Amino acid sequence: MEPMMRGLAGFLLCSLLLLVPHPTGVAAQDTQPDPKMPCANWMGGAPGYPGHNGVPGRDGKDGRDGLKGDKGDEGPAGPKGEPGPVGSRGFPGPPGSPGTPGIPGQKGRDAFVHRSAFSVGLTERSPAPNVPIRFSKIFYNEQGHYDPSTGKFLCSVPGTYYFAYHLTVYLSDVKVSLYRKDKAVIFTYDQFQNNNVDQASGSVLLHLSSGDEVWLQVYGNGDKNGVYADNLNDSTFMGFLLYPDPENY
């Protein structure tokens, strides 16, 4: 009870001192309260206003690098970019390995299916005029298209043919003609020289149809039939197919 009364008395005393007028000047400085007095310990002035913000301090030094963090997740794929410009042409690559053989094709047609040829020689001297000369010495007649009994070649394969004859001339002049279907196509004349063996020849290309006949005969009245043949001299007649008509391939 006594301490409470003592504190209350001190509070009243300090209040009276604040109400008493204070002299100015140096005397005011001489009458400052003693901090050791009881009211100096708990009685202060009114709180002042907050001061203005101070100037920001300077940046501190960079800190040390932190530890390396874990690898982050892969981000989503970006949009497809525009195609780049076409590059220059590169060098040729090395040759590739051979491919596998293809399937065999179908068998083609024989290019020599159509054959027709003959080569014959004379065995008789001075053949009769105006009839086919019968060449009975057979050198080649595999297809049988030449008939030695008539002296005529019979066309069995329509197409283009080559015919030729080489005759020995002896004892008289020679004038012969090559016929096709009863019509003379070419003529050959050779004048005999006394005591001299001569030669007469001719050749021609003809297109024949199936059934056409070709032969050689002495032309005229019989005074120009000096066609000759013996063991040392031959008179020959020949013909062969060059190529058949397209529809016969």
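The values are calculated or read from the model by the stated rules, or taken from the named source; none is laboratory data. Because the structure is a prediction, the values reported are computed rather than measured. Using ideal geometry, Cβ is built from the backbone for each residue, glycine included, and neighbour counts are taken over all protein chains shown. Calculation scope for accessible area: heavy atoms of the full protein, side chains included, ligands and nucleic acids excluded. Shrake-Rupley method; radii C 1.70, N 1.55, O 1.52, S 1.80 Å.
Just to confirm, what accessible area per residue do you get for the stretch 145-249 at 1.4 Å probe, in whole Å²? Result: 50 Å² of accessible area for each residue. Here the accessible area is traced with a 1.4 Å probe on the protein chains. For the stretch 159-249, carbon and sulfur cover 44 percent of it. Along its three principal directions, the equivalent ellipsoid of the stretch 147-212 from the Cα gyration tensor extends over semi-axes of 28, 12, 10 Å, largest first. Summing Lys and Arg as +1 and Asp and Glu as -1 over all other residues whose Cβ lies under 13 Å from the Cβ of Pro148 gives a net charge of +1.
Ordered from highest to lowest accessible area with the whole protein assembly present and a 1.4 Å probe, Glu74, Glu247, Glu213 read as Glu74, Glu247, Glu213. Between the stretch 188-231 and the stretch 47-79, what is the separation of their alpha carbon centroids in Å? What the calculation gives is 127 Å, centre to centre. By definition, a body whose alpha carbon gyration tensor gives a ≥ b ≥ c is prolate when a/c is 1.5 or more and a/b is larger than b/c, and the stretch 93-249 fits this prolate description.
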